[in-house]
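What follows draws every value from the coordinates through simple rules; no lab data is involved. It should be emphasised that the depicted structure is a prediction, and the values quoted were computed from it without experimental measurement.
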Amino acid sequence: MANIADIIEEYIKARLNRSNSGTIIFRRSELAEKFQCVPSQINYVLSTRFSCNRGYIVETRRGGGGFVRIIRMTLEESEDIIDIICEKVGSGISFKDSISIIRYLYEEEVITKREAHLMEVIIELTTAGSGSEETDAGRAVLLKAMLMVLLRHKK
């Protein structure tokens, strides 16, 4: 059985898929009431499941007139994808963020399921260990190299 965070994530994704603009707006309290949970549970889902690394922009306003706006970013097939990824990965990236980027690219159909799985395994096996700057830097180099090869050969 799915936990409440999974259920909330699926609900938000379904609303985004039904939206023509790729944007939805809602009140955190209304969503918490719908799922009979505390608003901090909604915050948890937003921060862990709808991050920039996963292809979302989340804007929030607190208070009486507060709202949450989620915008789904889409990737166009272009030279810019490599630039965007290199900028996002930077000179170091955590294991969690690297997996998020790989899964986002799979969801956007930029890479195949097989490519995504292979990349996840390589990242896990070759960069397992502490979250040191050296490990994060090695992971960034490896991730960028794999993505550049895959994306350049897609043309």
Checklist outcome for this item: XL table Lys34/Lys96; Lys13/Lys34; Lys13/Lys88; Cα-Cα > 20 Å flagged, in table order, is Lys34/Lys96; Lys13/Lys88
Checklist entry - Which length gain, in nm to one decimal place, applies between Val38 and Asp6 when the Cα-Cα distance is subtracted from 0.36 nm times their residue separation? => result 10.0 nm
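Report the gain in length on full extension from Val149 to Ser132: 0.36 nm times residue separation, minus Cα-Cα distance, nm rounded to one decimal.
Values: separation 17, 0.36 × 17 = 6.12 nm, distance 2.60 nm.
Result: 3.5 nm gained on full extension.
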Next on the checklist: Using only the alpha-carbon atoms, what does segment 4-72 span along each of its principal axes? Please give whole angstrom values in decreasing order.
Outcome noted: 26, 26, 22
Item to check | Mean projected area (nm²) of the alpha-carbon convex hull when segment 1-43 is viewed from all directions | outcome: 3.1
Checklist entry - How big is the chain in terms of Cα radius of gyration and Dmax, in angstroms? => result 17.2, 51
Checklist entry - Dividing the convex hull volume of the Cα atoms of segment 80-152 by its residue count, what figure in Å³ per residue is obtained? => result 70
